[in-house]
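Undergrad: Can you keep this structure in mind? I'll have questions shortly.
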Amino acid sequence: MAYAPTDELLDRGAELAELLGLIAEVDAGSGRAAVIEGAPGIGKSSVLTAALAQAEAAWFDTTRARASELERDFAFGLVRQLFEPRIAKANPKLRDELFAGAARHAAALLGSDDLPDEGSPPEASHAVLHGLYWLTVNLASEGPLALVVDDLHWGDAPSLRFLAYLVNRLEDLPVLVVMAARPFEPGAETDLIDELASDPAARVIRPGPLGPDAVRGMIGAAMAEDPDPSFCGACRDATGGNPLLLRELLVTLTDEGLSPNAKSAGRVQEIAPRSVVRSVSRRLRRLDPEATEVARAVAVLGDGSDAGAVAQLSGVSQGTVASAARELVQADILRHDALEFAHPLVRAAIYSELPAPERARRHQEAARILANHGADEDSVAVHVLMAEPSGDEWVIDVLRRAARRAHARGAPDVAATYLERALSEASGRGERERVDLHVELALAELDATRFEGLSRLRRALELTDDASSRGRVALLLGRSMFSWGDLAGAALVFEDALEHLGDADPELRATLDAYHLVAAIATPGLADSVRGRFEGLWEERDEVTHPILLAGLGAAGAQIFAPAGKGADLAERALATDEISFVDDPAIVAAAATPIMTAGRLKTAERVYDGAEAAARRRGAVFPLGLAWTLRAAVHVRLGKLAAAEADARGALYVARSGQLLTLVFVVTSLIDVLIERGELDEASGLVDSYGLGGDLPNFVQMNYLLDSIGRLRIAQNRLDEGVAYLRECGRRLEAWGTSNPGFVPWRTNMAPALAASGAREEALQLVEDEIELARAFEVPRELGMALRAAALVEGGDRGIALLHEAVAVLEGSEGRLEHARALTDLGAALRRGGHRAAAREPLKAGLDMAQSCGATALGERAHSELVASGARPRRLVLRGVDSLTASERRVAEMASEGLTNREIAQALFVTEKTVEGHLGHAYRKLDISSRSELPNALVRQPAAAAA
Ligand SMILES: Nc1ncnc2c1ncn2[C@@H]1O[C@H](COP(=O)(O)OP(=O)(O)O)[C@@H](O)[C@H]1O
Ligand SMILES: [Mg+2]
């Protein structure tokens, strides 16, 4: 009597009811996820299948994928199983719709093979995740969608990252994600699975052991006679109520011809297989040897393999494969519909009985067979990874190509796995012959934020003899160090590379040279070593054409040589060549924009970063986008656009998880600046602490922005000595470097009033005098106005009032609105104190208006109370309209007013549509409007302080 399994699910009423509930919630428009968790054989896949049927019955569109033990290193294997069939089914028009908007970043991954052969887009990993998310959104636009994923514990990391990304953003997408996983599977991506299971949108469902009735039901279905309760009890004890073990037991018992009566009950314990391995091997022994070979071949090749490949690997004809498969189905080893095991444990049983060397040999054979069958590199690579290294040329080649593909598709971690293997395949060769592999691996490591990539590049550098190749490796290494903020290290790498390169490769030489100069001149200990060359080049600057060199000359020149506009001109020339790509070389664009900013051409600098932002968005490059925001925030602060500065800085913090010190320093600096102007000093102080920036700060040029901001913060907190100490340190470092442009950091101005307040009036006066002179020489009106204002504060009296008049006049001609507002307010206040109450009102009103339009709350409050003291009756200070919007509300509202749809905004900002709707809703309420068309008007600020 053959064992006849039942399709009926027993004892799963509660689980299925819970899933039905989720389906109803998704149907009503809220995205949901569930993780079915439990030991092998407990019935996870069966519950998944039932859930799939339920979803189909509710008219969901469904798609299913299953991870396999073999394909853990198959980049996006699960994702491709989920989506490829859907894409393949779509006609060209639908396909265009599915890949519309940000979903295009997923197109290369799914189906179309028109990938560039060389290199990989930076940030592919995030762009692809984002693209897959939007593909899911597009798929769900016609109706609810269920994604069903089995055996998550074997999922490849890139796919799991996508699932986590999606589940985290389900919100009100009509999408149901149901997944099944074993809880303690060795080698699983536990962190990612935990992340999925602990998401608030996800439910964890744990099917329990079968109860007595269910056990009796299964026995009843399998055996002709009505089972005796004692027999049922014995079966339940022997299997712990695990349906798979029970099934295996019943197969054995029916094989033995036992009846389910009380007499047999005593024998159950003794017959019961200790494990699936035992019962499977027992069954196999009874089959033809060919059937065993076929089963082994399927175990090695993996479920669902091609019959031809199975025939070749097992060394039998295709006809024999077919008859063996039938036998194996009879023995409950394979499923009836495909070359697929009845259960993963059955596969594991057969696989584990093969001795390890034999397994490895068969995988190697499988790799060769698949390669000959024209399988793609990923499928071949999977087997290569399971074989022993052979050192074969074609194996290395396959791994390399698979790595390149994985890297380009946003899975640098998988690429690294392949390349590590390629390196050990090539271990027979000399280190020098493996340099290219080391370089490729290092780049994959760096993209996967694994810092050993840097030391690997270093080693590759040592191993490279050829001057040009060496120079190229050095360029990669130096650029990575540069963008991770290690300017000094980068400068040394470039210097050394130049020495080795000689005159071999003029173009490369020019690039290395440019980088060297840019890095060295910005590094305090090294600046002197290049100063002479720098000055020589500066003299001949009209001759210079190399864009990187121009940017570097401009950057340093504007800080050292007056007027600053000369450096800014060079930088603008560099950018005008259109040869510098922000996404590929953000540090150089930043280097070029800095002199433009520090020469006071703030709106130009803002435009440069607007362009950078747009470029980063186009390529879906998140970290460059974060960097564009980071740098633009500083420009916005100077322009007095505080809300925009905050939106940029907070946006950057959100995407900059990478912990690049440079980025962090800039972001925190701008946030501190914004918070000081808002009077939120505790929060600003908290930022310094929470990012650990309170102690000694490393000495590189950009750090001076932070020193200055913390100094001003401490002064605003009335911790004068501390504040002065920060600014002194800032000044000491800048002077050591040779920077005297106050447009970089006006540290003298910023510390003078505090110095005077703590009694050092002479020194304060000297400082502002110097600063006024410098600001005149460098032709930076914003900083000149600031210095005049500081001088006024130190001097006081009528002389002070005269200086403030002068400051206001100078600032009128600058782009620094916030500083203008500050000078106006101080002028009004000084006039009032000097007894000129009527004359005080006009500058105070203007100062108040301007401060409010900048979002400078603290200054606004001051101007307001001065105005009251001057006898005017200004309107009460309440946050209204535009000023009351948070940074994100404002950014979203501005984009909406430019005509972007919610979806476009969401795609551009890497958030969900729900988030956009939320911000927009708040903005409407605060702006007191009810439609999008009213936004452009509402976002124009109404004059705030129309005084009576
Ligand atoms: N509730 C159930 N009632 C009856 N049979 C079940 C039940 N759950 C699972 N089975 C059977 O047990 C075996 C293992 O179930 P499966 O869903 O593959 O487990 P898992 O995915 O947890 O390893 C399958 O043959 C399945 O038909
Ligand atoms: Mg399963």
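Residues are listed down the side, and each one gets a yes or a no for (1) surrounded by 23 or more Cβ atoms within 10 Å (Cβ to Cβ); (2) polar (S, T, N, Q); (3) touching a Gly at 6+ places or on another chain (Cβ under 6 Å):
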{"position": "P595", "(1), (2), (3)": "yes, no, yes"}
{"position": "T598", "(1), (2), (3)": "yes, yes, yes"}
{"position": "E606", "(1), (2), (3)": "no, no, no"}
{"position": "D610", "(1), (2), (3)": "no, no, no"}
{"position": "A616", "(1), (2), (3)": "yes, no, no"}
{"position": "A621", "(1), (2), (3)": "yes, no, no"}
{"position": "L627", "(1), (2), (3)": "yes, no, no"}
{"position": "V637", "(1), (2), (3)": "yes, no, no"}
{"position": "G640", "(1), (2), (3)": "yes, no, no"}
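Undergrad: Need the failing condition index for P355 against (1) away from ligand 1 (no atom under 16 Å from the Cβ); (2) buried (at least 23 other Cβ atoms within 10 Å of the Cβ), just the number.
TA: Tallying (1) away from ligand 1 (no atom under 16 Å from the Cβ); (2) buried (at least 23 other Cβ atoms within 10 Å of the Cβ), P355 fails exactly one: (2).
Undergrad: Of the numbered conditions (1) more than 16 Å from ligand 2 (Cβ to nearest atom); (2) closer than 21 Å to R286 by Cα; (3) free of Cβ contacts under 8 Å to residues at least 12 places away in the same chain, Q318 fails exactly one; give the number of that condition.
TA: The number of the failed condition is (2).
Undergrad: Quick one: in the range 858-898, which of the residues that are among the hydroxyl-bearing types (S, T, Y) and in contact with a helix residue (DSSP H, G or I) (Cβ under 8 Å, 6 or more places away or on another chain) is least open to solvent (accessible area, probe 1.4 Å)?
TA: Step one: of the range 858-898, the residues among the hydroxyl-bearing types (S, T, Y) are 865, 870, 884, 886, 888, 897.
Retained after the next criterion (residues that are in contact with a helix residue (DSSP H, G or I) (Cβ under 8 Å, 6 or more places away or on another chain)): 870, 884, 886, 888, 897.
Working: S870: 0, S884: 26, T886: 62, S888: 53, S897: 39 Å².
That would be S870.
Undergrad: Given (1) open to solvent by 10 Å² or more (accessible area, probe 1.4 Å); (2) in contact with a Leu (Cβ under 6 Å, 6 or more places away or on another chain), identify the lone condition not met by L492.
TA: (2)
Undergrad: Same structure, new question: Would you check if there is a residue in the range 775-790 being within 49 Å of the chain's Cα centre (by Cα) and among the acidic types (D, E)? Spell out the reasoning first.
TA: Just the residues of the range 775-790 that are within 49 Å of the chain's Cα centre (by Cα), to begin with: 775-790.
Those still in the list that are among the acidic types (D, E) too: 779, 783.
Checking the range 775-790: at least one residue is within 49 Å of the chain's Cα centre (by Cα) and among the acidic types (D, E).
Undergrad: Quick one: in the range 21-36, of everything that is touching a strand residue (DSSP E or B) at 6+ places or on another chain (Cβ under 7 Å) and open to solvent by less than 40 Å² (accessible area, probe 1.4 Å), which residue is nearest to R206 (Cα to Cα)?
TA: I36
Undergrad: With the condition kept exactly as written, say whether any residue in the range 213-223 is open to solvent by 50 Å² or more (accessible area, probe 1.4 Å) and under 49 Å from the mean Cα position of the chain (by Cα).
TA: Looking for residues that are open to solvent by 50 Å² or more (accessible area, probe 1.4 Å) and under 49 Å from the mean Cα position of the chain (by Cα), one finds none in the range 213-223, hence no.
Undergrad: Next question, about the same structure. Which one of these is among the polar types (S, T, N, Q) and on the phi > 0 side of the Ramachandran plot: N750, N699, N718, N741?
TA: On the way: N750 fails: on the phi > 0 side of the Ramachandran plot; N699 fails: on the phi > 0 side of the Ramachandran plot; N741 fails: on the phi > 0 side of the Ramachandran plot.
N718 is the lone residue from the list that is among the polar types (S, T, N, Q) and on the phi > 0 side of the Ramachandran plot.
Undergrad: To continue, here is another question. Looking at L664, L653, L697, which is the one that is farther than 26 Å from A605 by Cα and open to solvent by 10 Å² or more (accessible area, probe 1.4 Å)?
TA: Step by step, each of L664, L653, L697 is checked, and only L697 is farther than 26 Å from A605 by Cα and open to solvent by 10 Å² or more (accessible area, probe 1.4 Å).
Undergrad: Still on this model: Is it the case that some residue within the range 410-430 is at positive phi and under 30 Å from the mean Cα position of the chain (by Cα)?
TA: Within the range 410-430, one or more residues are at positive phi and under 30 Å from the mean Cα position of the chain (by Cα).
Undergrad: Next question. Taking the range 40-57, which residues are open to solvent by 30 Å² or more (accessible area, probe 1.4 Å) and more than 33 Å from the chain's Cα centre (by Cα)?
TA: Correct list: P40, S46, T49, A53, Q54, E56, A57.
Undergrad: Out of A422, A408, I need the residue that is at pLDDT 95 or above and not acidic (D, E). Which one?
TA: A422
Undergrad: Please go through the range 307-323 and give me each residue that is within 49 Å of the chain's Cα centre (by Cα) and in a helix (DSSP H, G or I), ordered by number. Working first, answer last.
TA: Keep residues of the range 307-323 that are within 49 Å of the chain's Cα centre (by Cα), which gives 307-315, 318, 321-322.
Result: A307, G308, A309, V310, A311, Q312, L313, S314, Q318, V321, A322.
Undergrad: Just to verify a result, which residue in the range 165-180, among those that are open to solvent by less than 10 Å² (accessible area, probe 1.4 Å) and part of a helix (DSSP H, G or I), is farthest from ligand 1 (Cβ to nearest atom)? Give the derivation first.
TA: So the first thing to find is which residues in the range 165-180 are open to solvent by less than 10 Å² (accessible area, probe 1.4 Å), and the list is 166-167, 170, 175-180.
From what's left, part of a helix (DSSP H, G or I): 166-167.
Values: L166: 22, V167: 21 Å.
If we take residues in the range 165-180 being open to solvent by less than 10 Å² (accessible area, probe 1.4 Å) and part of a helix (DSSP H, G or I), then L166 is farthest from ligand 1 (Cβ to nearest atom).
Undergrad: Search the range 391-410 for residues that are within 17 Å of A442 (Cα to Cα) and open to solvent by 30 Å² or more (accessible area, probe 1.4 Å) and pair each with any residue that is assigned to a loop (DSSP other than H, G, I, E, B) and polar (S, T, N, Q) when their beta-carbon atoms are under 9 Å apart and the residues are at least 6 apart or on different chains.
TA: R404/S120
Undergrad: For the range 260-285, give me the residue count where each residue is at pLDDT 90 or above and assigned to a loop (DSSP other than H, G, I, E, B).
TA: The number of residues fulfilling the criteria is 2.
Undergrad: Please go through the range 327-352 and pick out each residue that is in contact with a helix residue (DSSP H, G or I) (Cβ under 6 Å, 6 or more places away or on another chain) and either closer than 23 Å to T417 by Cα or not in a loop (DSSP other than H, G, I, E, B) (or both).
TA: Once the filter is applied, which keeps residues that are in contact with a helix residue (DSSP H, G or I) (Cβ under 6 Å, 6 or more places away or on another chain) and either closer than 23 Å to T417 by Cα or not in a loop (DSSP other than H, G, I, E, B) (or both), the range 327-352 yields E327, L328, L334, F341, L345, V346, R347, A349, I350, Y351.
Undergrad: Then there's this: Given the condition assigned to a helix (DSSP H, G or I), over 21 Å from the mean Cα position of the chain (by Cα) and away from ligand 1 (no atom under 16 Å from the Cβ), answer yes or no: does some residue in the range 135-145 qualify?
TA: To start, the set of residues in the range 135-145 that are assigned to a helix (DSSP H, G or I) comprises 135-139.
Next, only the ones that are over 21 Å from the mean Cα position of the chain (by Cα) stay: 138-139.
Cutting the leftovers down to away from ligand 1 (no atom under 16 Å from the Cβ) gives us 138-139.
Yes.
Undergrad: I need the full set of residues from the range 584-633 which are of a type outside the set (A, V, I, L, M, F, W, C), over 21 Å from R479 (Cα atoms) and assigned to a helix (DSSP H, G or I), in order please.
TA: Within the range 584-633, T598, K603, T604, E606, R607, D610, G611, R617, R618, R632 qualify.
Undergrad: Could you please find all residues in the range 45-67 being within 18 Å of L192 (Cβ to Cβ) and within 11 Å of ligand 2 (Cβ to nearest atom)?
TA: Result: R66, A67.
Undergrad: For the condition modelled with pLDDT under 90, away from ligand 2 (no atom under 16 Å from the Cβ) and in contact with a strand residue (DSSP E or B) (Cβ under 8 Å, 6 or more places away or on another chain), what is the one hit in A197, A201, A222? Let's see the steps before the verdict.
TA: On the way: A197 fails: modelled with pLDDT under 90; A222 fails: in contact with a strand residue (DSSP E or B) (Cβ under 8 Å, 6 or more places away or on another chain).
Checking each option against the conditions leaves just A201.
Undergrad: Follow-up question, since we're still on this one. Against the conditions (1) open to solvent by less than 30 Å² (accessible area, probe 1.4 Å); (2) of a type outside the set (S, T, N, Q); (3) within 14 Å of ligand 2 (Cβ to nearest atom), where does L9 fall short? Just the number, please.
TA: The failed condition is (1).
Undergrad: Let me ask you something else. Can you tell me which residue among L339, L301, L313, L334 is open to solvent by less than 30 Å² (accessible area, probe 1.4 Å), aliphatic (A, V, I, L, M) and within 16 Å of ligand 1 (Cβ to nearest atom)?
TA: That would be L334, the only listed residue that is open to solvent by less than 30 Å² (accessible area, probe 1.4 Å), aliphatic (A, V, I, L, M) and within 16 Å of ligand 1 (Cβ to nearest atom).
Undergrad: Against the condition within 16 Å of ligand 2 (Cβ to nearest atom), open to solvent by less than 30 Å² (accessible area, probe 1.4 Å) and under 30 Å from H363 (Cα atoms), how does L70 come out, does it pass?
TA: yes
Undergrad: Kindly establish whether P158 is open to solvent by less than 30 Å² (accessible area, probe 1.4 Å) and either within 16 Å of ligand 2 (Cβ to nearest atom) or not in a loop (DSSP other than H, G, I, E, B) (or both).
TA: yes
Undergrad: Can you name the residue in the range 900-924 that is open to solvent by 60 Å² or more (accessible area, probe 1.4 Å) and not charged (D, E, K, R) and, of all such residues, is farthest from the chain's Cα centre (by Cα)?
TA: H922
Undergrad: Which condition from (1) closer than 20 Å to L508 by Cβ; (2) open to solvent by less than 50 Å² (accessible area, probe 1.4 Å); (3) not aromatic (F, W, Y) is the one that D436 breaks?
TA: Condition (2) is where D436 drops out.
Undergrad: In the range 36-76, how many are part of a helix (DSSP H, G or I), within 17 Å of V178 (Cα to Cα) and either aromatic (F, W, Y) or more than 12 Å from ligand 1 (Cβ to nearest atom) (or both)?
TA: 6
The values are calculated or read from the model by the stated rules, or taken from the named source; none is laboratory data. Being a predicted model, the structure only gives us computed values, none of them experimental. Using ideal geometry, Cβ is built from the backbone for each residue, glycine included, and neighbour counts are taken over all protein chains shown. Note: accessible area is taken over every heavy atom of the protein model, side chains too, but ligands, DNA and RNA are not part of it. Shrake-Rupley method; radii C 1.70, N 1.55, O 1.52, S 1.80 Å.
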